[in-house]
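Some notes on the structure that comes next.
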Amino acid sequence: LPNDLALLNVNELKEELETEYNNYSWTPRVTFAGLFDVPDEYGETLYQSPIIGIGIDFLSEESNQFEIWDLKNKLIAGNLINKENEILISEQLSNRLNLYPKSMVTFIGSTMYGGFTTYNYIVAGVFDLNIGPITKDMVLVDLEGARLALDMDNAASEILGYDKELLFNNKN
């Protein structure tokens, strides 16, 4: 899912999907990777680490992503995301980089156009999804926070559809 191949005009695509497949709830998502830079009290680099990020629509009125991810039960420190510039980080990443709620961290990466980008996030909380090593370098950010950092206005890596009842049917 390289972001230079991102879906464009996502709002229109989502509306079309909602019209044609109205028994599903459609949500865009942005996946990205980069580097986190943790500053000391003078703004100089103290720690760095590669990260894998997922931009999820947490903050829109119709979002049910906190429930889908069960983040209230997976949060081990801090709070859920309330603003575009807040993130949730995995417990492993928190321990490795000595990051805790209210810490500031700079994301360093590339935009969907291939340009260099930096973006400052504030750690809202620390999570443990309890799914093993896949979360070692994982961060979760609101969709709009990811779009701002990656210059992805009205774009997404993918659009996911969830059964509105949130039921899984293996027969279909």
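Closer than 14 Å to Val139 by Cα, surrounded by 12 or more Cβ atoms within 10 Å (Cβ to Cβ), in contact (Cβ under 8 Å) with a residue 40 or more places away in the chain and touching a Lys or Arg at 6+ places or on another chain (Cβ under 9 Å), is that true of Val105?
When the stated conditions are applied, Val105 does not pass them.
Of a type outside the set (A, V, I, L, M), within 23 Å of Ser63 (Cβ to Cβ) and open to solvent by 80 Å² or more (accessible area, probe 1.4 Å) - does that describe any residue in segment 125-136?
yes
Look through segment 1-36, keep the residues that are open to solvent by 80 Å² or more (accessible area, probe 1.4 Å) and assigned to a strand (DSSP E or B), and return whichever of them is modelled with the lowest pLDDT.
Per the criteria, the residue is Tyr24.
Does Ala146 satisfy the condition of being open to solvent by less than 20 Å² (accessible area, probe 1.4 Å) and over 25 Å from Asn11 (Cα atoms)?
No.
Taking the stated definitions as given, is Phe116 aromatic (Phe, Trp, Tyr) and free of Cβ contacts under 8 Å to residues at least 24 places away in the same chain?
Yes, satisfied.
Return the pairs, sorted by first residue and then second, in which the second residue is part of a helix (DSSP H, G or I) and at pLDDT 90 or above, the first residue lies in segment 64-78 and is over 22 Å from Leu160 (Cα atoms), the beta carbons are less than 8 Å apart, and the residues are 6+ apart or on different chains.
Listed by first residue and then by second, the contacts come to Ile76/Glu91; Ala77/Ser94.
Test Leu140 against the stated conditions and say whether it is open to solvent by less than 50 Å² (accessible area, probe 1.4 Å), aliphatic (A, V, I, L, M), in contact with a Phe, Trp or Tyr (Cβ under 8 Å, 6 or more places away or on another chain) and at pLDDT 95 or above.
Taking the combined requirement at face value, the residue satisfies it.
I need every pair where a residue in segment 13-42 that is within 19 Å of Glu165 (Cα to Cα) has its Cβ under 8 Å from the Cβ of a residue that is loosely packed, with under 12 Cβ neighbours inside 10 Å, sequence separation at least 6 or different chains.
From segment 13-42, the pairs are Asn23/Lys164; Tyr24/Lys164; Ser25/Glu62; Ser25/Lys164.
Any residue at all in segment 40-49 that's open to solvent by less than 40 Å² (accessible area, probe 1.4 Å) and not acidic (Asp, Glu)?
Residues of segment 40-49 that are open to solvent by less than 40 Å² (accessible area, probe 1.4 Å), as a first pass: 49.
Okay, now just the ones that are also not acidic (Asp, Glu), so 49.
Looking through segment 40-49, at least one residue is open to solvent by less than 40 Å² (accessible area, probe 1.4 Å) and not acidic (Asp, Glu).
In segment 63-82, which residues are open to solvent by 50 Å² or more (accessible area, probe 1.4 Å), closer than 10 Å to Phe127 by Cα and either touching a helix residue (DSSP H, G or I) at 6+ places or on another chain (Cβ under 7 Å) or of a type in the set (S, T, N, Q) (or both)?
Lys72, Asn73, Ile76, Asn79
For a quick check of your reading of the model, give me the residue pairs whose first member lies in segment 80-97 and is more than 12 Å from Asp142 (Cα to Cα) and touching a residue at least 24 places away in the same chain (Cβ under 8 Å), whose second is open to solvent by 30 Å² or more (accessible area, probe 1.4 Å) and of a type in the set (Lys, Arg), with beta-carbon atoms closer than 6 Å and at least 6 apart or on different chains.
These pairs meet every condition: Gln92/Lys136.
The values are calculated or read from the model by the stated rules, or taken from the named source; none is laboratory data. This one's a predicted model, so the numbers in the text were calculated from it and none came from an experiment. Positions of Cβ are backbone-derived with ideal geometry, glycine not excepted, and every protein chain shown enters the neighbour counts. Remember, those area values only see protein heavy atoms, side chains included, never the ligands or the DNA or RNA. Shrake-Rupley method; radii C 1.70, N 1.55, O 1.52, S 1.80 Å.
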